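Take a look at the structure below.
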Amino acid sequence: MGPEAFLPVAFVIGYLFGSIPFGLVLTKLAGTEDIRSIGSGSIGATNVLRTGRKSLAAATLLLDALKGTAAVLIAGHIAGPNAAMVAGLGAFLGHLFPVWLKFRGGKGVAVYIGILLGLFWPAALVFCVLWLATAFTTRYSSLSALVASFITPLFLWWFGHLALAALAVVLTLLLFYAHRENIKRLQSGKESRIGEKG
């Protein structure tokens, strides 16, 4: 199978990795409440944090990031950079829309970072620095993700990584879509801050 013919397989590999709901699995194993019934209803690390279990939230963040990295590295090893990018897109879509959970998944921030880590690690570092800086000043996880994901494609474009920048634009648009309710709450002043249970 040639590299181009492998692209659909790479997408499926990415989707299957991305659709593993680590936040839900870890919280169920720990015996906490169903995270889909609290906060935003998301299965990601920020919502896991609302259970009060910081260790579970950290583990969710790490595993969600690594599933994006794993998908990219595996597909890239088999069929090169184009397959890696396709697998990254698949992983992101799998996390946002997992077939096992009626297509209701997480917001994609950790997976975005993991994908960047596998494709071009300086971009992952930029994303994290932007996220942390915004979170430190505002304590809004959602706003931090929006700011970081908006600037990251510009960083990639500025340094000449045009294909990665194009992929990042797609991921950013999907991330903004996943955060559409957060955007409404930010605009109305009703968005929960990091560490709040509401």
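The values are calculated or read from the model by the stated rules, or taken from the named source; none is laboratory data. Keep in mind that what you see is a predicted model, and the values were worked out from it rather than measured. Methodologically, a virtual Cβ is constructed for each residue, glycine included, from the backbone with ideal geometry; neighbour enumeration extends over all protein chains shown. When the accessible area is computed, the model is the full protein with side chains, heavy atoms only, and any ligands, DNA or RNA have been set aside. Shrake-Rupley method; radii C 1.70, N 1.55, O 1.52, S 1.80 Å.
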A student asked for the Cα radius of gyration and Dmax of the range 91-194 in angstrom ought to give 13.6, 39
Relative contact order for the chain using alpha-carbon pairs under 8 Å, separation at least 6, rounded to a whole percent?
22
Suppose each label sits 7 Å from its Cα in the direction of the beta carbon; what would the R180-K54 distance come out to in nanometres?
3.5
Which part of the range 8-28 falls in the paramagnetic zone of D34, meaning amide N under 17 Å from the point 7 Å along Cα-to-beta-carbon?
21-28
Exposure of I151 as accessible area (Å², to 10), given a probe of 1.4 Å and all protein chains
60
For the pairs K28/K184; K67/K184; K28/K54; K67/K190, note any where the Cα-Cα span goes beyond 26 Å.
K28/K184; K67/K184; K67/K190
Once you mark the chymotrypsin sites (Phe, Trp or Tyr not before Pro) that are in a DSSP loop and have at most 14 other Cβ atoms within 10 Å, what is the longest gap between them in the chain?
1-102
Pairwise Cα inverse-distance average, inverted: Kirkwood Rh of the range 135-198 (Å):
12.6
Given (i) 0.97; (ii) 0.95; (iii) 1.05 as possible values of Rg/Rh (Cα atoms, Kirkwood Rh), the one from the coordinates is (i)
Computed [θ] at 222 nm, helices only, for the chain once each DSSP H run of length n ≥ 4 contributes -39500 (n - 2.57)
-23000 deg cm²/dmol
Quick one: if you stick a label point 7 Å off each Cα along the C-beta vector at A5 and S188, how many nm between them?
5.3
Would you mind finding the longest exposed-site-free stretch of the chain, with exposed trypsin sites (Lys or Arg not before Pro) meaning DSSP loop and at most 15 other Cβ atoms within 10 Å?
1-101
